[in-house]
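See structure below.
The values are calculated or read from the model by the stated rules, or taken from the named source; none is laboratory data. Computed from a predicted model, the values in this text were never measured in an experiment. Methodologically, a virtual Cβ is constructed for each residue, glycine included, from the backbone with ideal geometry; neighbour enumeration extends over all protein chains shown. Side chains are part of the model used for accessible areas, which takes the heavy atoms of the whole protein and leaves out ligands, DNA and RNA. Shrake-Rupley method; radii C 1.70, N 1.55, O 1.52, S 1.80 Å.
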Number of protein chains: 2
Amino acid sequence: MWCNSDIMEYTDKQVQIIDIAQDLFAENGYDGTSVRDIAKAADINVAMVSYYFGSKEGLLEAIFSRHAEYVRLKLENLIQDKSQSPFQKMEVIIDSYIDKYFSQQPFHKLVARSQLSNSNKPVKDMLNDMKKRNQDLIKRLIQEGQKTGDFKKNIDVQMLMSTMLGTANQVMTTQDFYREVNNMTDLPDEEFLKILKKKLRSHLQALFKAILKNED
Amino acid sequence: MWCNSDIMEYTDKQVQIIDIAQDLFAENGYDGTSVRDIAKAADINVAMVSYYFGSKEGLLEAIFSRHAEYVRLKLENLIQDKSQSPFQKMEVIIDSYIDKYFSQQPFHKLVARSQLSNSNKPVKDMLNDMKKRNQDLIKRLIQEGQKTGDFKKNIDVQMLMSTMLGTANQVMTTQDFYREVNNMTDLPDEEFLKILKKKLRSHLQALFKAILKNED
DNA sequence: AAAAATTAATTAAACGTTTGTTTAAGTTAA
DNA sequence: TTAACTTAAACAAACGTTTAATTAATTTTT
């Protein structure tokens, strides 16, 4: 009964499996998570994974496809917003990415893992498509800012994006280290994350300002 | 016969196993690499891994411990070099990191993987120790630059390092994507990497300059 | 220096689990 | 009655590790 169509609506049960698998994959890796682990956590039978998604790998693809559409829509809406300046939009993008990184850490851990891995060709292709689409939109935004004279010329969009994604990812994956070094282990989780997000936000905004903004 | 002492010299055979395992772990992940895979690639018997390193996990620890000493020495030598200005030293650090990232990609992929993983407590502790030591050294370097007036006050060392490591890592893990988008697939590997390194280098140096250097 | 004894290195085979997937029987709902 | 759903059980394959036997190297004794 399962299908791989690009346009696919998932049932509640399937979404439940997807969400739980996402957490487990992010936590223990794809290879480190067994179908039985997923079945147990989602309180379903082992066979259901193959039944719904064809295979374990099919489940992984389903996880990514569910996010692809969401990101695309959000970016396209922002880009067409006429009420904000290019740099304001850039700030919104930074904020959105940080929020998304922190509110959906498991998913982004999974993305990072998948990028490191060289298996799962269809999954990698899907990730690359996502990324290319997003980057094209941001490129258009930067070109817009260059036309109005707000932004400098000769901006390497990919390096800029690598810095945003890479820094956010690095901060996220090493947050325990950060917490330890700065003696913030006593702080409640929520408060620590709030501070960390604030620091990351101002750091990235300073970087983007230095790279993007014209001095005049 | 195997041992876990901090000071451990490895035999040629052990080093051979370590090097090959490093590549395989980086390529397919720790869980994605079987002891039999390692044995086959290193042309040894399966039992040799347990014999030499106690276990598969012991082998992973051995891989990291071999790098720890090297990095520490290099940084300490640089920091004590009186012939260079603080910012020159910073540039050297950037260059060294980039060189190391690109010349030892498998190892750094493995580090990235291990940071994402939440298993392997002893390995994570070792990585954190490495990182803390390195960051302390760089902190001292920055404080030195602040004393001479070369650097700004209020510099978040960890955010700065997160940007360097994160950006380098992101560029490395997505280099195929970068290559594709920029129509550089026809270029020889060597030439492409040279260009990519150059771009990354100037990008990071611009970032560091904007964050570190005083304007006066 | 040769022979014997001891330790180290290496091997193939087997161990008990766990893996992803399939099957075939059963249940539920339309 | 038919179709979709769910289940427990079984499957073969791969996993990390251990064992016991054999070869190679080293040390000790003669």
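Residue separation times 0.36 nm, minus the C-alpha to C-alpha distance between B:Met184 and B:Asp12: what's the value? Stretched out fully, the B:Met184 to B:Asp12 stretch lengthens by 58.0 nm. For the stretch A:167-182, the Karplus equation 6.51 cos²θ - 1.76 cosθ + 1.60, evaluated at θ = phi - 60°, returns couplings of 5, 4, 5, 4, 4, 5, 6, 10, 5, 5, 4, 4, 5, 5, 4, 9 Hz by residue, with Gly and Pro reported as x. Computed over protein heavy atoms with a 1.4 Å probe, the accessible surface of chain B works out to 51 Å² per residue.
In order along the stretch B:91-101, phi translates into HN-Hα couplings of 5, 4, 4, 4, 4, 4, 4, 4, 4, 5, 4 Hz, rounded to whole numbers, per the Karplus curve 6.51 cos²θ - 1.76 cosθ + 1.60 with θ = phi - 60° and x for Gly and Pro.
Note on A:Ile155 and A:Asp19: with the Förster distance fixed at 41 Å, the Cβ-Cβ geometry gives a FRET efficiency of about 0.65.
Excluding ligands, DNA and RNA and using a 1.4 Å probe, chains B and A jointly bury around 3800 Å² of accessible surface, summed across both partners. The relative contact order of chain A comes to 22 percent, based on Cα pairs under 8 Å that sit 6 or more residues apart. With K and R counted +1 and D and E -1, the other residues having a Cβ less than 10 Å from that of A:Arg113 yield a net charge of +1. Expressed as a fraction of 2.2 N^0.38 Å, the C-alpha radius of gyration for the protein assembly as shown is 1.03.
Taking the Cα centre of chain B as origin and assigning +1 to Lys and Arg Cβ atoms and -1 to Asp and Glu Cβ atoms, the resulting dipole is close to 700 debye. Ranking A:Leu137, A:Thr174, A:Ser55 by Cα position along the charge dipole of chain A, where only Lys, Arg, Asp and Glu carry charges on their C-beta atoms, puts A:Leu137 farthest toward the positive end.
Here the accessible area of the protein assembly as shown is 47 percent carbon and sulfur, with a 1.4 angstrom probe and all protein chains present. Sites counted here are GluC sites (Glu not before Pro) in a DSSP loop (not H, G, I, E or B) having no more than 11 other Cβ atoms within 10 Å; the longest part of chain A that contains none of them is A:10-214. As a length-normalised measure over Cα pairs under 8 Å and 6 or more apart, the relative contact order of the stretch A:1-117 settles at 35 percent. Electrostatic tally near A:Asn134: other residues with Cβ closer than 13 Å to its Cβ, Lys and Arg +1, Asp and Glu -1, net +4. Reducing the stretch A:152-202 and the stretch A:34-54 to their Cα centroids gives an inter-centroid distance of 35 Å.
Counted without the sites themselves, the longest stretch of chain A free of trypsin sites (Lys or Arg not before Pro) in a DSSP loop having at most 16 other beta carbon atoms within 10 Å is A:1-81. Other residues lying with their Cβ under 11 Å from the Cβ of A:Val92 contribute a combined charge of -2, Lys and Arg counting +1, Asp and Glu -1.
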